[in-house]
Amino acid sequence: MLDFNHRATCADQINAIIDAGIESERGAAPARTYLGGSRLGAPCERALQFEFTGAPKDEGSHFKGQTLRIFEIGHALEDLAIRWLRAAGIDLYTRKGNRPDGDQFGFSVAGGRIRGHVDGIVASVPSALGLAVPALWECKTMNAKNWRETVAKGVVMAKPIYAAQIALYQAYMEAQVPGISQNPALFTAINKDTAELHHELVPFDAALAQRMSDRGVRILQATDAGELLPRIATSRDFHECRMCAWADRCWRLPA
């Protein structure tokens, strides 16, 4: 009898062990013990509280190998963007001393329970650009759809979580890099599908930075008091809830 069932190809077998290795590596990484500044702009404070406390994610919601590969490709593209900007004459510092083995620039507040690491700091640019320095540099990679939306609307409207990160980083890095909160940040978005680049200047939004800082404190205080913060929605059908890694846990608990 002929067997018409799918048989694993060489590619299937190799990809399976690659993904298993990546997933194992991710699982062995130490759990984050702080609130990440890049995450404070996420919509739901309860989800951030679950994330901060290391609450187990719902079954099947962990990142699979392919998704982790996408993340790693994003990091590699960021490294390319750094090289491209430097080649264009932009003096970009990504690590202290600008050495590959130097510590990444970042901040730590609230006893180390809120932290962030910046992609880079622009120290100087070609005079023709007219960019005020020092300036925060943040880089994101996106698929074509999200990239086009960001180009059309600007990062503040298209990607509020990135705007919140930028504002918070400008505020907290001021003590280390005087003037960085006075000058617009340089935001770079890379289209992963086409290699197109988008750059825009993002003025410091002090009110947004304050709201994000207050949010971080609120999450810490509620967690310390054993209190559960409110959900973002009243129905599990809400789009943010449908994508949440803690949806099952959340909706079993009180509102």
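The values are calculated or read from the model by the stated rules, or taken from the named source; none is laboratory data. Just so you know, these numbers come straight off a predicted model, no measurement behind them. We place every Cβ from the backbone using ideal geometry, glycine too, and count neighbours over all the protein chains shown. Areas reflect the complete protein model, heavy atoms only, side chains present, ligands, DNA and RNA absent. Shrake-Rupley method; radii C 1.70, N 1.55, O 1.52, S 1.80 Å.
If you take the residues of region 101-158 that are within 13 Å of Asp91 (Cα to Cα) and among the small types (Gly, Ala, Ser), which of them is most open to solvent (accessible area, probe 1.4 Å)? Checked region 101-158; the qualifying residue most open to solvent (accessible area, probe 1.4 Å) is Ser127.
Considering the conditions (1) over 24 Å from Ala225 (Cα atoms); (2) surrounded by 15 or more Cβ atoms within 10 Å (Cβ to Cβ); (3) in contact with a strand residue (DSSP E or B) (Cβ under 9 Å, 6 or more places away or on another chain), Ile73 is excluded by exactly one of them, (2). When we screen Ile17, Ile22 for residues that are more than 30 Å from Arg236 (Cβ to Cβ), open to solvent by 80 Å² or more (accessible area, probe 1.4 Å) and not in a strand (DSSP E or B), the only hit is Ile17. Within region 238-247, can one find any residue that is over 29 Å from Pro56 (Cα atoms) and aliphatic (A, V, I, L, M)? No, the conditions are met nowhere in region 238-247.
For Lys140, the criteria (1) under 18 Å from Gly37 (Cβ atoms); (2) part of a helix (DSSP H, G or I); (3) among the basic types (Lys, Arg) hold in every case but one, which is (2).
In this structure, is Leu168 in contact (Cβ under 8 Å) with a residue 12 or more places away in the chain, within 21 Å of Gly74 (Cβ to Cβ) and in a strand (DSSP E or B)? So Leu168 fails the test.
For region 87-98, the criterion of being out of contact with any Gly (no Cβ under 9 Å at 6 or more places or on another chain), open to solvent by less than 60 Å² (accessible area, probe 1.4 Å), in contact (Cβ under 8 Å) with a residue 24 or more places away in the chain and small (Gly, Ala, Ser) is met by at least one residue. When Ser61, Ser108, Ser124 are checked against the criterion of being out of contact with any Asp or Glu (no Cβ under 9 Å at 6 or more places or on another chain) and among the hydroxyl-bearing types (Ser, Thr, Tyr), Ser108 stands alone in meeting it. Filter region 91-112 down to the residues that are assigned to a loop (DSSP other than H, G, I, E, B) and out of contact with any helix residue (DSSP H, G or I) (no Cβ under 8 Å at 6 or more places or on another chain) and list them by number. Passing the criteria: Arg99, Pro100, Asp101, Gly111, Gly112. In region 223-238, the qualifying residues are those that are part of a loop (DSSP other than H, G, I, E, B) and of a type in the set (Ser, Thr, Tyr), and the one that is farthest from Ala255 (Cα to Cα) is Ser235. Scanning region 113-134 for residues that are closer than 17 Å to Phe204 by Cβ and not in a strand (DSSP E or B) returns Val118, Asp119, Leu131, Ala132, Val133, Pro134.
Quick check: is even one residue across region 171-180 open to solvent by 70 Å² or more (accessible area, probe 1.4 Å) and either of a type in the set (Asp, Glu) or farther than 30 Å from Asp91 by Cα (or both)? No.
Confirm whether Ala81 is surrounded by fewer than 17 Cβ atoms within 10 Å (Cβ to Cβ) and out of contact with any Leu (no Cβ under 6 Å at 6 or more places or on another chain). No: the conditions fail for Ala81. For region 239-255, the set of residues classified as assigned to a helix (DSSP H, G or I), more than 23 Å from Val156 (Cα to Cα) and in contact (Cβ under 8 Å) with a residue 40 or more places away in the chain consists of Ala247, Asp248, Arg249, Cys250, listed by residue number. When residues in region 182-213 are screened for being within 23 Å of Arg113 (Cα to Cα), open to solvent by 20 Å² or more (accessible area, probe 1.4 Å) and among the small types (Gly, Ala, Ser), 3 of them pass. Considering Ala55, Ala29, the condition of being within 30 Å of Ser213 (Cβ to Cβ) and exposed (fewer than 11 other Cβ atoms within 10 Å of the Cβ) is satisfied by Ala29 alone.
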